[in-house]
Amino acid sequence: MKGFIASALAFVILSCSSALAQDIKPLGAFQNWSAWSSYENNTKVCYIYSDADTMKPENLDHGRVNFAIRHNRRSANGTEASLSAGYDFAPEAIRVSVDGTEFTMLPRGHYAWLRREEREREFMEALRKGSVMTVEAKSRRGNQTTYTFSLKGVSSALQRAARACR
């Protein structure tokens, strides 16, 4: 658990400017997910975070692979889901499946976001009801990769982050 929290804290710190890093506050750990808050331009922002449970092929160096959801009150949907890897993705769609419900993410460098912002709510609902999220991506070097994320604790983490960033 200590390594998980350290990984989540590293993600949040790298996601925020160094001036804001001191304002990062853990909101709790919820099985495979954790929740955090910080400030961006004097506005409180909350995140939930999880590292990949499995990374295939196993013989590749994937770097840190994680999934985060940023609560954003300014967004029409209120959330922004993102994937991050330790390498640059190929410039093609990334397939995400939550218990068989398919979503598409578009990459930029080593990050990716849902292709259609209007599907954020549907995606959040799938995460809350699901048990496993599978991500299939291709690296810029052409390697096919597959990641799984347990969704144990995601509902509690989402709830805590939403409550903290009302």
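Bear in mind that the values in this text are calculations on the coordinates, not laboratory data. For clarity, every value in this text was computed on a predicted model and none was experimentally measured. Neighbour counts are summed over all protein chains in view; Cβ atoms, including those assigned to glycine, are modelled from backbone coordinates with ideal geometry.
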Cut-off under 19 Å on the C-alpha distance; same-chain residues fewer than 8 positions from K25 excluded. Which aspartates and glutamates are left, in chain and number order?
E40, D51
Which loop-located GluC sites (Glu not before Pro) does the stretch 62-166 contain, where loop means any DSSP state but H, G, I, E or B and the Cβ has at most 12 other Cβ atoms within 10 Å?
E92
Show me, for the stretch 113-124, the HN-Hα J-couplings you get by feeding each phi into the Karplus relation (A = 6.51, B = -1.76, C = 1.60, θ = phi - 60°), rounded to Hz, glycine and proline as x.
10, 4, 5, 10, 4, 5, 8, 4, 4, 4, 5, 4
Give the calculated FRET efficiency between E40 and R128 to the nearest 0.05, with a Förster radius of 25 Å applied to their Cβ-Cβ distance.
0.50
Under a cut-off of 18 Å between alpha-carbon atoms, report the lysines in cross-link reach of K56, not counting same-chain residues fewer than 8 places apart.
K138
Enumerate the amide H contacts of R64 below 5 Å, restricted to partners 5 or more residues apart or on another chain; note that Pro and chain-start residues carry no placed amide H.
G86
Would you order F103, F149 from fewest to most other beta-carbon atoms within 10 Å of each residue's own beta-carbon?
F103, F149
